[in-house]
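The values are calculated or read from the model by the stated rules, or taken from the named source; none is laboratory data. From a predicted model like this one, the values you see are computed outputs, not experimental measurements. Glycine gets a Cβ as well: all are built from the backbone with ideal geometry, and neighbour counts include every protein chain shown. Remember, those area values only see protein heavy atoms, side chains included, never the ligands or the DNA or RNA. Shrake-Rupley method; radii C 1.70, N 1.55, O 1.52, S 1.80 Å.
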Amino acid sequence: MKIKFSIFLVLLTGFCFAQSNQFIYEYKFKIDSLNRDKFDSENMVLQTTPKGSKFYSQAKQVYDSTMTATFKNAKATQQAHFDFTGLKQAKVNTEVVKTYPDYKRTLKKDIGSNQLLINIDKKLDWKISKEKSKVLGYEVQKATTTLHGRKWKVWFAPEIPLQDGPHELYGLPGLIVKAEDTKGDHQFTLIGTKKVIADSDNLLSKKNREIGVDEQKFRKLWADYKKDPVKDMRQTLGSDSVKASITFDGKTYSQEDMMREIEKERKEELIKNNNFLELDLYQLNTH
């Protein structure tokens, strides 16, 4: 009941003063289809404004802001050593931006150091069930759809007047408070809310380094990355005359050490990370 009243207050005050509302979801996922007993989890934020919403990882927001501030300071001071001991890396780098009221979606995904934007035009075809239940003290109703090659069942709360939800899910008469794919590999559950003051335009805008691609181009870049996962880093470091070193958790790495570690890490990730939420984006053409 406590969370129910807090959401009501967030919506009431947020809309009156055009503040930004944050709906916090626990995201549980099985990223390795060959190890189906293991769940990872990350807290995700659906941040809504009068102009649209952004869905992102809490850990990624902290990581990105820390990195940006550190390198900005380093550029001004000619610093060549960075200590990131204790900085938590995000498990989820994907972000989703939706614009209101048309709910156009932009999927933000990284391949190596390339930050990519994919505009998604496919409409979600919902089938609303008569089945009802209670989630977090709310009367909720079940609905199903298909997204990126996965079948989803969700629960939405008509008394929360937002047609939004986690990741790319949207378009129901009430906020989606719980969502799960039918294989049980990806689950979102609302766990809390808060209100903040934010700049809508800045929250939803395209960043300088982000590159727009279509789904076909994304698949091509993914295929190239699988063949050589550190090609981008070799090109970047090869053109930089400054030799940097970085400290993580008390251990210092030279530029060459970093290259070897990142190559090893990325190759391991390619083996383990094979159960992406956006299944169809990673299905490479064989003909």
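Computed quantities for the displayed model
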read-out	value
Within the accessible area of the stretch 103-205 (1.4 Å probe), percent carbon and sulfur	47
Distance between modelled label sites at Q216 and D121, nm, 7 Å Cα→Cβ extension	1.3
Summed residue charge, Cβ within 13 Å of L221's Cβ, Lys/Arg positive, Asp/Glu negative	+1
Whole-number accessible area per residue in Å² for the stretch 166-227, which is evaluated in the context of all protein chains at 1.4 Å	52
Sites K227 and K51, calculated FRET efficiency, Cβ-Cβ separation with R0 35 Å, nearest 0.05	0.30
Net length gained if the chain between K206 and D32 were fully extended (0.36 nm per residue, minus Cα distance)	59.5 nm
Förster radius 22 Å - calculated FRET efficiency between Q255 and I111 (Cβ-Cβ, nearest 0.05)	0.50
Set of aspartates and glutamates near K134 by C-alpha distance (under 14 Å), chain-local residues within fewer than 8 positions excluded	E159
Protein-only accessible surface order, largest first, of L34, L107 at 1.4 Å	L34, L107
FRET efficiency for K151 and E265, using Cβ-Cβ distance with R0 set to 30 Å, rounded to 0.05	0.40
Proximal aspartates and glutamates relative to K38, as straight alpha-carbon distance under 13 Å, when same-chain residues fewer than 8 apart are discounted	D185
Stretch gain in nm, segment D199-N93, where the contour uses 0.36 nm per residue and the Cα spacing is subtracted	36.0 nm
Accessible heavy-atom area order of E265, E278, highest first, probe of 1.4 Å	E265, E278
Compactness of the stretch 138-197 as Cα Rg over 2.2 N^0.38 Å, two decimals	1.11
Selection from A223, A198, H148, by position along the positive dipole direction of the stretch 101-231 (Cβ)	A223
Solvent exposure, largest accessible area first (probe 1.4 Å, DNA, RNA and ligands not counted), of D224, D199	D199, D224
Inter-site label distance for F39 and K183 at 7 Å from Cα along Cβ, in nm	1.7
